[in-house]
1. Residue check, N179 against (1) crowded, with 17+ Cβ neighbours inside 10 Å; (2) at pLDDT 95 or above; (3) under 21 Å from D99 (Cα atoms); (4) among the polar types (S, T, N, Q), all met but one. Which one?
2. Residues being over 21 Å from T88 (Cα atoms) and charged (D, E, K, R): count how many of those fall in region 141-161.
3. In this structure, does P195 turn out to be in contact (Cβ under 8 Å) with a residue 12 or more places away in the chain and more than 25 Å from G155 (Cα to Cα)?
4. Which of the residues that make up region 203-240 are in a loop (DSSP other than H, G, I, E, B), open to solvent by less than 40 Å² (accessible area, probe 1.4 Å) and under 14 Å from L60 (Cβ atoms)?
5. V53 - would you say it is modelled with pLDDT under 95, touching a Phe, Trp or Tyr at 6+ places or on another chain (Cβ under 8 Å) and of a type in the set (A, V, I, L, M)?
6. Looking only at region 147-176, how many residues end up being over 15 Å from the mean Cα position of the chain (by Cα) and at pLDDT below 95?
7. On the basis of being modelled with pLDDT of 80 or more, aliphatic (A, V, I, L, M) and touching a helix residue (DSSP H, G or I) at 6+ places or on another chain (Cβ under 7 Å), does L81 make the cut?
Amino acid sequence: MKNPINKLVVPARFLGLTHNIFRVVCLTESDGKLSFRSKQIVKGRAPYSCYSVSKSTVALALGLLYDKKLFTPQDKIADYLGEYFPDTVDPRWYDVTIDHLLHHRPGTDFKNGFDDGNSDFDDGEKTWSGEEILTSIFSMPIVHEPGAFFRYYDGNYYVLARLVEKLCGGDFMNFIAQNLFAPMGFVNYAWLRDPNGHVMGGTGLLLRTEDYAKLGWLWLHKGIYDGVRYISEEWIDMGLTASVARANNENYGFGVRRLSQYGYSVTGAAGQGLYFNVRKNVVFAWHARKRNQIMNVCEILDRLKLF
């Protein structure tokens, strides 16, 4: 593949996003060896915020536990975190499964402040106090049959990150660092936490762009990175399979959207992007820095079939 980075930078410039995307990495394979190519467009210091790319990483952490047979996606969340249900809990929460949360479809239909109050945007919005966030989320009414309604909500993946802690019996960050990040050679990473010390789950992950690309390679190669299997093919296949089609036909799996027959994307606020193509065996990852910028570079890449 000749000058793969340029093929991303050109459409980015065309879209007027060069000032927004400040670092891009291409990860490919040549003669059985992984090859990284990168370009720093605007100066910045790693690690960078991944925003909602965090969700797909929570899904990978759950995959590690699924492979230990500690849960199934059809299990009810109440069986694991029911102790945090308030006395006034909507009884339909007892029907919500882990799969419903992974696909953003537990049946809630409004925000309770979690997304705005715990974003890693420094915009001065009100944040949570020391209250138990799980109880606040479980206080939300279920207004649609679980599984029938899609509503994108950071809080769903906060709940799932807390589920990881419940299943592994320890801190989320320690678990994923020991079982995924460190073995895969990640460096200089962090995850924002709530006032009680739990990772935010649905947002808040900070990574180098190179390590960000490794996550895409793990999805692309069905749980294998650099010849080592970390997560089962079964879990990855489930994660790439959408159970609900969004209005714009972006099919959503476990934090990953299928764009076409071969192309997939993981995106985050401020223009973060991770694109991988099964047919071309390539991963592109980039970090950006502007809120409210258009976030469709993945779709443009897939539609133009540049690679």
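1. Looking at each condition in turn, N179 falls short on (3).
2. Residues meeting the conditions: 2.
3. It is false that P195 is in contact (Cβ under 8 Å) with a residue 12 or more places away in the chain and more than 25 Å from G155 (Cα to Cα).
4. G223, I231, S232, L240
5. yes
6. Counting residues in region 147-176 that are over 15 Å from the mean Cα position of the chain (by Cα) and at pLDDT below 95 gives 5.
7. Numbers: modelled with pLDDT of 80 or more: yes; aliphatic (A, V, I, L, M): yes; touching a helix residue (DSSP H, G or I) at 6+ places or on another chain (Cβ under 7 Å): yes.
Yes; evaluated as a whole, the condition is true for this residue.
A quick yes/no check of all residues on (1) crowded, with 16+ Cβ neighbours inside 10 Å; (2) under 22 Å from P73 (Cα atoms); (3) in contact with a Leu (Cβ under 8 Å, 6 or more places away or on another chain):
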{"residue": "P146", "(1), (2), (3)": "yes, yes, no"}
{"residue": "Y153", "(1), (2), (3)": "yes, yes, no"}
{"residue": "L163", "(1), (2), (3)": "yes, yes, yes"}
{"residue": "Y189", "(1), (2), (3)": "yes, no, yes"}
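The values are calculated or read from the model by the stated rules, or taken from the named source; none is laboratory data. All values reported here derive from a predicted model rather than from experimental measurement. When we count neighbours, we look across all protein chains shown, and the Cβ atoms used for this are built from the backbone with ideal geometry, even at glycine. These area figures cover heavy atoms from the full protein model, side chains too; ligands, DNA and RNA do not enter into them. Shrake-Rupley method; radii C 1.70, N 1.55, O 1.52, S 1.80 Å.
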